[in-house]
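To start, the structure under review is shown below, and the notes come after it.
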């Protein structure tokens, strides 16, 4: 967990610096947080003028806070902020020492929560409460009328919807996917049914966050919703308030932590250290490294698949880079020879089967 804040606030409320910080200027703390924060990170900043918009965008990206805003006056009540896991502290009416105690206490709780989520004590296949990270380079659709048109079209045309949830495997969240249909769209909520595999409707509980991939004519959208109600063979979910344009055409899978996929960057006069692959598809992958790579540049990679499944040499273009803990996270578009694509396709197919097995295992445990 990292705390995103300014130097002035860090010096005032965390004099001991016992946590990990991302220090930003007051002028860009909001944009930096929205671009670089990951689920589990915390924000401490002055109360933004458009605080609801900021919190909504953070939530849409799967960042659940906590958010602590420092204000010269109590402009927002706790009731208004509760749904966003946020609070406002009035620096004029509350002593700095008292605010310091509150801020440090919340940070400690957030860190303990983060450690619990990352620990390996979670049963294999258990539903994860980690929210989806929906940071996208593409466009966002926030117009309620446009969102309504997309959902009505999918419901009317009986177009399948891809549904995703996070489940735990060896203490790490991985994405499990299935298909469903929209049975009813009332404008206020959505009812999903006809799940494949059927166990999705059995294992997903209320307040679980799910991700949807919606196909509308020539466009694909990502959306994040929350389960409101569970019934046999059905889920009632919230209507997403933001759609994210999805340009990917290939399913990405997260490698098993005990059977990792490694990536080597082949550069002249540079060491070929192994990088951790976060997810991989036929068209690209995401990895972490401490090396400085240039966005838009092309590099030569060696991808080592687990259990002797093969080694793939290919070119890759850096599409984005973001800070992640003490390293950098990169997204790469791959250019792979068709014969090598078969190796990755075979790995992805087997990995999807592994994750489906986790779902079945968890379903059997519940029954």
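The values are calculated or read from the model by the stated rules, or taken from the named source; none is laboratory data. It should be emphasised that the depicted structure is a prediction, and the values quoted were computed from it without experimental measurement. Positions of Cβ are backbone-derived with ideal geometry, glycine not excepted, and every protein chain shown enters the neighbour counts.
Tabulated values for the structure
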{"read-out": "Spans of strands (runs of 3 or more DSSP E) in the stretch 237-290 with at least 1 residues farther than 18 Å from residue 336 by Cβ", "value": "243-245, 274-280, 284-289"}
{"read-out": "Test for residue 229: is it at pLDDT 90 or above, more than 22 Å from residue 56 (Cβ to Cβ), in the same structural domain as residue 159 (by TED's automatic domain parsing) and not in a loop (DSSP other than H, G, I, E, B)", "value": "yes"}
{"read-out": "Subset of the stretch 78-92 (residues that are surrounded by 10 or more Cβ atoms within 10 Å (Cβ to Cβ) and at pLDDT below 75)", "value": "78, 80, 81, 82"}
{"read-out": "Selected residue (only one of 315, 320, 330, 346 is part of a helix (DSSP H, G or I), over 19 Å from residue 169 (Cβ atoms) and not assigned by TED's automatic domain parsing to the domain that holds residue 175)", "value": "346"}
{"read-out": "Matching residues, the stretch 181-208, being under 20 Å from residue 241 (Cα atoms), in contact (Cβ under 8 Å) with a residue 40 or more places away in the chain and touching a strand residue (DSSP E or B) at 6+ places or on another chain (Cβ under 7 Å)", "value": "183, 189, 190, 191, 192, 208"}
{"read-out": "Pairs where the first residue, in the stretch 81-107, is over 13 Å from residue 69 (Cα atoms) and assigned by TED's automatic domain parsing to the domain that holds residue 12 and the second is modelled with pLDDT of 85 or more and crowded, with 16+ Cβ neighbours inside 10 Å, C-beta under 8 Å, 6+ apart", "value": "96/12; 96/13; 104/13; 104/14; 107/3; 107/14; 107/42"}
{"read-out": "Enumeration of residues in the stretch 295-312 that are touching a strand residue (DSSP E or B) at 6+ places or on another chain (Cβ under 9 Å), at positive phi and not in a strand (DSSP E or B)", "value": "296, 307"}
{"read-out": "Residues (closer than 15 Å to residue 111 by Cα and not in a strand (DSSP E or B)) located in the stretch 1-33", "value": "1, 14, 17, 18, 19"}
{"read-out": "Per-region count, the stretch 144-163, residues closer than 19 Å to residue 197 by Cα and either buried (at least 18 other Cβ atoms within 10 Å of the Cβ) or modelled with pLDDT under 90 (or both)", "value": "2"}
{"read-out": "Test: residue in the stretch 224-237 that is out of contact with any strand residue (DSSP E or B) (no Cβ under 6 Å at 6 or more places or on another chain), buried (at least 16 other Cβ atoms within 10 Å of the Cβ) and in contact (Cβ under 8 Å) with a residue 40 or more places away in the chain", "value": "no"}
{"read-out": "Count of residues meeting criterion [under 19 Å from residue 364 (Cβ atoms) and over 21 Å from the mean Cα position of the chain (by Cα)] in the stretch 197-220", "value": "5"}
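Residues checked against (1) exposed (fewer than 15 other Cβ atoms within 10 Å of the Cβ); (2) modelled with pLDDT of 90 or more; (3) under 21 Å from the mean Cα position of the chain (by Cα):
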position: 302; (1), (2), (3): no, yes, no
position: 317; (1), (2), (3): no, yes, no
position: 324; (1), (2), (3): no, no, yes
position: 338; (1), (2), (3): yes, no, no
position: 356; (1), (2), (3): no, no, yes
position: 364; (1), (2), (3): yes, no, no
